[in-house]
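*Asks:* One structure coming up, written as structure tokens, with questions to follow.
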Amino acid sequence: MKTSSARKLKQVSLADIPRVGPGTPAGEWLRKYWLAVSTAEELHDIPKAVNVLGEELVLFRDLNGRLGLVGLHCPHRGTSLEYGDVEDRGIRCPYHGWLFDVSGQCLEQPAEPKDSVFCQKVKHLSYPVQELGGLIFAYLGPQPAPPLPRYSCLVDRGGMRQIEPVRTNDYNWFNFFENSADPCHICILHRHTGYGEQSWGDQFFSYTDMPDFQFVETDYGFKVVMTKPGPSAGTEFVDTMSLALPSIIQVGDTEFVHAKVDAVKLMTEGSQCEHVLFLTPNDDDRFTIYTVNYYTGSDPQFFQKLKAMRAAEVPRHEVKAYDNRKYMPFKGNVRQEDIMSQSTQGLLGERDERLATSDKGVIMFRRIVRDAIAAAQKGERPKGVLPKEKASEVVYFDSFTGVRKASAR
């Protein structure tokens with residue numbers, strides 16, 4: 001008879017990927033990584049409630065500048081610490097005044113006898129928190145925690161950084177994440193927006209003449225390489241997008257699609273803006289997007305121009321008086337187009353799908369994610385978790401967009 005330790009682990013299914021709560025295969029996998037939980041700018045002198053991987057938590061910075069992330073509900077009588085007082089030594093519950101430091105240790109219980117040591121026995125749920133480049137990250141997994149990666153867009157390298165307004169969407173995180181492994185949709189869904197009107201003279205994302213798509217597994221995850229013949233013999237136009245585990249997307253064409261930078265710069269300089277999206281699943285039905293732009297070009301007004309161009313991307317098609325569909329209008333704004341298509345899909349593993357040849361990137365990416373979840377289940381280090389010896393290295397993702405020597409096929 002086989003012992004429980006000898007039994008094979010259950011194979012990771014597609015239906016496992018969207019579920020992120022404690023004890024789920026994907027939830028335990030995601031807890032192996034540092035996840036963004038706030039911008040530094042959004043954390044003020046009051047507590048901030050956050051939902052991460054199905055857990056209700058409260059984030060705060062004590063008056064000595066130390067970051068804390070603890071369970072939302074006080075372990076005494078359950079009152080929300082979102083309404084607590086931030087003090088020098090931690091956060092104090094408004095109900096009975098129990099004080100917790102950033103590690104969750106109870107320090108004071110005002111109603112208890114003066115000589116009571118009961119507070120020493122009370123340790124509230126808490127998680128490690130670190131700040132990098134204007135984002136605050138938390139680690140919800142087993143100890144010891146891996147190093148927080150020094151992502152290139154969050155490390156000062158002589159460029160300019162902008163953190164865009166935070167967005168939360170009311171559907172499953174993986175619908176958004178795997179969308180970037182499906183480049184065909186860019187030429188179809190987004191043909192009414194910047195992708196259909198980009199500054200590239202060759203109409204790279206043409207609806208009727210799509211680029212060639214190649215899908216490459218990397219040490220951090222996966223990348224999509226889109227190419228078309230270049231402006232001269234032996235060259236090619238390239239647009240690369242990377243998906244880094246557990247939930248990061250880096251795009252390199254923001255300058256030419258959304259900021260409408262002149263195509264000559266594309267051919268002479270290539271992309272100089274890292275547009276990075278850090279996705280954090282709040283639960284199975286919501287996720288938050290933390291967006292960072294890191295620009296190394298020469299235009300000091302680049303971010304202002306990008307903001308103005310984004311503001312101009314509004315849905316333009318007419319909505320009939322009797323059209324009560326929830327997401328109308330959506331054509332003409334990339335983000336609205338994505339929300340319409342992704343939020344109406346249903347959960348992976350529960351919806352019916354008929355995948356075609358053009359879905360090979362999605363198929364490959366799902367396999368990479370399932371392999372990472374399986375590695376976590378076996379106690380191995382999943383792809384994208386940084387080993388200790390690389391803690392000081394800057395982590396780069398490939399998102400080159402521009403013209404280069406044509407690669408051999």
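*Asks:* Return the total of residues in the stretch 255-285 being at pLDDT below 90, of a type outside the set (A, V, I, L, M) and surrounded by fewer than 22 Cβ atoms within 10 Å (Cβ to Cβ).
*Replies:* Taking the stretch 255-285 as the starting set, the residues that turn out to be at pLDDT below 90 are 255-271.
Pick out the ones that are also of a type outside the set (A, V, I, L, M) and you get 255-256, 258, 260, 262, 265, 268-271.
After this cut, where a residue has to be surrounded by fewer than 22 Cβ atoms within 10 Å (Cβ to Cβ) as well, the list is 260, 262, 265, 268-270.
Residues flagged as at pLDDT below 90, of a type outside the set (A, V, I, L, M) and surrounded by fewer than 22 Cβ atoms within 10 Å (Cβ to Cβ) within the stretch 255-285 amount to 6.
*Asks:* Condition first: assigned to a helix (DSSP H, G or I), among the β-branched types (Val, Ile, Thr) and under 19 Å from the mean Cα position of the chain (by Cα). Now tell me which residues in the stretch 351-386 satisfy that. Please lay out each step first, then the result.
*Replies:* From the stretch 351-386, those assigned to a helix (DSSP H, G or I) are 357-377; that's our starting set.
Remaining after also requiring among the β-branched types (Val, Ile, Thr): 357, 362-363, 368-369, 373.
Matches in the stretch 351-386: Val362, Ile368, Val369, Ile373.
*Asks:* Follow-up. Looking only at the stretch 23-57, count every residue that is acidic (Asp, Glu), touching a residue at least 60 places away in the same chain (Cβ under 8 Å) and closer than 15 Å to Ile91 by Cβ and tell me the total.
*Replies:* From the stretch 23-57, those acidic (Asp, Glu) are 28, 41-42, 45, 55-56; that's our starting set.
Retained after the next criterion (residues that are touching a residue at least 60 places away in the same chain (Cβ under 8 Å)): 28, 41-42, 55.
Within this subset, residues satisfying the condition of being closer than 15 Å to Ile91 by Cβ are none.
The number of residues fulfilling the criteria is 0.
*Asks:* Could you please find all residues in the stretch 139-161 being surrounded by 17 or more Cβ atoms within 10 Å (Cβ to Cβ) and either closer than 18 Å to Thr344 by Cβ or among the polar types (S, T, N, Q) (or both)?
*Replies:* Within the stretch 139-161, Ser152 is the sole residue that qualifies.
*Asks:* Could you list, in sequence order, all residues of the stretch 42-80 that are hydrophobic (A, V, I, L, M, F, W, C), more than 14 Å from Tyr127 (Cβ to Cβ) and in contact with a strand residue (DSSP E or B) (Cβ under 7 Å, 6 or more places away or on another chain)? Steps first, answer last, please.
*Replies:* First, the residues of the stretch 42-80 that are hydrophobic (A, V, I, L, M, F, W, C): 43, 46, 49-50, 52-53, 57-60, 63, 67, 69-70, 72, 74.
Checking which are more than 14 Å from Tyr127 (Cβ to Cβ) leaves us with 43, 46, 49, 63, 74.
Passing the criteria: Leu43, Ile46, Ala49, Leu63.
*Asks:* So Gln120 fits all but one of (1) polar (S, T, N, Q); (2) free of Cβ contacts under 8 Å to residues at least 40 places away in the same chain; (3) in contact with a Phe, Trp or Tyr (Cβ under 7 Å, 6 or more places away or on another chain); what number is the exception?
*Replies:* (3)
Yes/no matrix, rows are residues, columns are (1) modelled with pLDDT of 90 or more; (2) closer than 23 Å to Ala15 by Cβ:
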{"residue": "Phe176", "(1), (2)": "yes, yes"}
{"residue": "Ser180", "(1), (2)": "yes, yes"}
{"residue": "Cys184", "(1), (2)": "yes, no"}
{"residue": "Arg191", "(1), (2)": "no, no"}
{"residue": "Gly201", "(1), (2)": "no, no"}
{"residue": "Ser206", "(1), (2)": "no, no"}
{"residue": "Asp212", "(1), (2)": "yes, no"}
{"residue": "Thr218", "(1), (2)": "yes, no"}
{"residue": "Gly221", "(1), (2)": "yes, yes"}
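*Asks:* If you check Leu135, Leu189, which single one turns out to be touching a residue at least 12 places away in the same chain (Cβ under 8 Å), in contact with a helix residue (DSSP H, G or I) (Cβ under 6 Å, 6 or more places away or on another chain) and buried (at least 17 other Cβ atoms within 10 Å of the Cβ)? Walk me through it before giving the result.
*Replies:* Values: Leu135 fails: in contact with a helix residue (DSSP H, G or I) (Cβ under 6 Å, 6 or more places away or on another chain).
Exactly one residue qualifies, and that residue is Leu189.
*Asks:* For residues in the stretch 387-406 being farther than 15 Å from Leu132 by Cβ, under 22 Å from the mean Cα position of the chain (by Cα) and buried (at least 17 other Cβ atoms within 10 Å of the Cβ), which is modelled with the highest pLDDT?
*Replies:* Result: Phe397.
The values are calculated or read from the model by the stated rules, or taken from the named source; none is laboratory data. Keep in mind that this is a model prediction, so the values were computed, not measured. So basically every Cβ, Gly included, is an ideal-geometry build from the backbone, and we count neighbours across all protein chains shown.
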